[in-house]
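The values are calculated or read from the model by the stated rules, or taken from the named source; none is laboratory data. Remember, it's a predicted structure, so these values are computed and weren't measured experimentally. Cβ placement follows ideal geometry from the backbone for every residue including glycine, while neighbour counts extend to all protein chains displayed. SASA here: full protein model, heavy atoms, side chains in, ligands and nucleic acids out. Shrake-Rupley method; radii C 1.70, N 1.55, O 1.52, S 1.80 Å.
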Amino acid sequence: NIWKEDGIRGVWIHVPSVQSDNIPTIMKLGFRFHMVIDETLVLTKWLPDTAVSRLPMGPTHQVGVGCLVWHPADTTTLSRDRRMLVVQEQTGPAAAYKLWKMPTGLSDASEDVHDTAVRELYEETGLVALFQGVLVVRQAHSGAPVKQEAYRVARRKASDLFFVCQLQLQVLDGDDIESDDYWNAKWNLCQHEIASIQWMKVSDFVNQDVWQASPIYTVLNQAVLEASTDTARLWQSTTLPVRHDKP
């Protein structure tokens, strides 16, 4: 009541794990789970009884990247025979279908998309590359949040933002990039995630059977195919400095 009299509308409580025995008491006071930050559970309560909660929901999206890497010997070859880097995963749905896919991964907290792409490529393949730009962004929903009531979410997994990033491998003049021996020495597969790696013609990549049943991937792969036959217009993703104080 004191909070209401003071005009406070929303209350947030951060409960560290070492004080988790207080959670039942807090729940009885009308608080609801909001999110987990490291070892802290955040609970919230909207105080006005006659107004719909205006508090934001907890995290509802994940950000992933796909690493589009062209064979360095094909940089001047704009055709559907252009080769791209592909991997097969050890486990998961893609592995079950024996799907060849771009190296992919999720952004860490506070990590920029372009840094994610460079990191994931290196972690999965051992290859070092420079970020060139974002080719296309795919948005997909699987059990998207349904705000029928305050704080209610239909399923655990929500919306997915997937950035296809084009990267350029770092190679030196004189490297025998057309040699299988050269690449076999370069590959350094992530032992826990990647089963195999190779170069594949982009036309073969987009024509894999498993893609054909997915409208989302059909559109995404068409963008990749078009990029192989034309100089793609890339969105140059950079990080803008954020300041809350006056410069």
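Go over the candidates Lys98, Lys45, Lys28 one by one and state the one that is touching a residue at least 12 places away in the same chain (Cβ under 8 Å) and open to solvent by 40 Å² or more (accessible area, probe 1.4 Å). Spell out how you get there, then give the answer.
Details: Lys98 fails: touching a residue at least 12 places away in the same chain (Cβ under 8 Å); Lys28 fails: touching a residue at least 12 places away in the same chain (Cβ under 8 Å).
After ruling out the rest, the residue left standing is Lys45.
How many residues, within the stretch 24-46, are of a type in the set (D, E, K, R), farther than 24 Å from Ala109 by Cα and in a strand (DSSP E or B)? Can you show your working first?
Filtering the stretch 24-46 down to residues of a type in the set (D, E, K, R) leaves 28, 32, 38-39, 45.
Right, trim to farther than 24 Å from Ala109 by Cα and you get 28, 45.
Then keep just the ones that are in a strand (DSSP E or B); that gives 45.
Number satisfying all stated conditions: 1.
Output the residue which, of all residues in the stretch 186-220 that are open to solvent by 30 Å² or more (accessible area, probe 1.4 Å) and among the hydrophobic types (A, V, I, L, M, F, W, C), is farthest from Glu123 (Cα to Cα).
Ala213
For residues that are modelled with pLDDT under 85 and among the β-branched types (Val, Ile, Thr), scanning just the stretch 220-247, find the one that is farthest from Pro103 (Cα to Cα). First the steps, then the outcome.
Kept after step one, since they are modelled with pLDDT under 85, are these residues of the stretch 220-247: 229-247.
With the extra rule that they be among the β-branched types (Val, Ile, Thr), the set shrinks to 229, 231, 238-239, 242.
Working: Thr229: 21, Thr231: 22, Thr238: 21, Thr239: 23, Val242: 30 Å.
In this case the residue turns out to be Val242.
Out of the residues in the stretch 175-185 meeting the condition of being in a loop (DSSP other than H, G, I, E, B) and within 26 Å of Leu225 (Cβ to Cβ), tell me which one is least open to solvent (accessible area, probe 1.4 Å). Can you show your working first?
Step one: filter the stretch 175-185 for residues in a loop (DSSP other than H, G, I, E, B), giving 175-179.
Still in the running and within 26 Å of Leu225 (Cβ to Cβ): 177-178.
Numbers: Ile177: 31, Glu178: 105 Å².
Filtering first and then ranking leaves Ile177.
Hey, could you check the stretch 65-95 for residues that are among the aliphatic types (A, V, I, L, M) and more than 22 Å from Val137 (Cβ to Cβ) and say which is most open to solvent (accessible area, probe 1.4 Å)?
First, pick out the residues of the stretch 65-95 that are among the aliphatic types (A, V, I, L, M): 65, 68-69, 73, 78, 84-87, 94-95.
Filter again for more than 22 Å from Val137 (Cβ to Cβ), leaving 73, 78, 95.
Numbers: Ala73: 34, Leu78: 82, Ala95: 25 Å².
Out of the qualifying residues, it is Leu78.
Out of all the residues in the stretch 61-70, is one or more closer than 29 Å to Trp3 by Cα and not aromatic (Phe, Trp, Tyr)?
So in the stretch 61-70, the residues closer than 29 Å to Trp3 by Cα come out as none.
Scanning the stretch 61-70 turns up no residue that is closer than 29 Å to Trp3 by Cα and not aromatic (Phe, Trp, Tyr).
Being of a type in the set (Asp, Glu), open to solvent by 30 Å² or more (accessible area, probe 1.4 Å) and free of Cβ contacts under 8 Å to residues at least 24 places away in the same chain is the requirement here; does Asp38 meet it?
Values: of a type in the set (Asp, Glu): yes; open to solvent by 30 Å² or more (accessible area, probe 1.4 Å): yes; free of Cβ contacts under 8 Å to residues at least 24 places away in the same chain: yes.
Yes, satisfied.
Those residues that are at negative phi and open to solvent by 40 Å² or more (accessible area, probe 1.4 Å), I need them from the stretch 2-15; list them, please. Spell out the reasoning first.
Residues of the stretch 2-15 at negative phi: 2-6, 8-15.
Across the stretch 2-15, the qualifying residues are Ile2, Trp3, Lys4, Glu5, Asp6, Ile8, Arg9, Trp12, Ile13, His14.
Name the single residue that is farthest from Thr60 (Cα to Cα) among those in the stretch 101-144 being open to solvent by 30 Å² or more (accessible area, probe 1.4 Å), out of contact with any Asp or Glu (no Cβ under 9 Å at 6 or more places or on another chain) and hydroxyl-bearing (Ser, Thr, Tyr).
Within the stretch 101-144, the match that is farthest from Thr60 (Cα to Cα) is Tyr122.
Could you tell me whether the stretch 16-23 includes any residue that is in a helix (DSSP H, G or I), in contact (Cβ under 8 Å) with a residue 24 or more places away in the chain and surrounded by fewer than 14 Cβ atoms within 10 Å (Cβ to Cβ)?
yes
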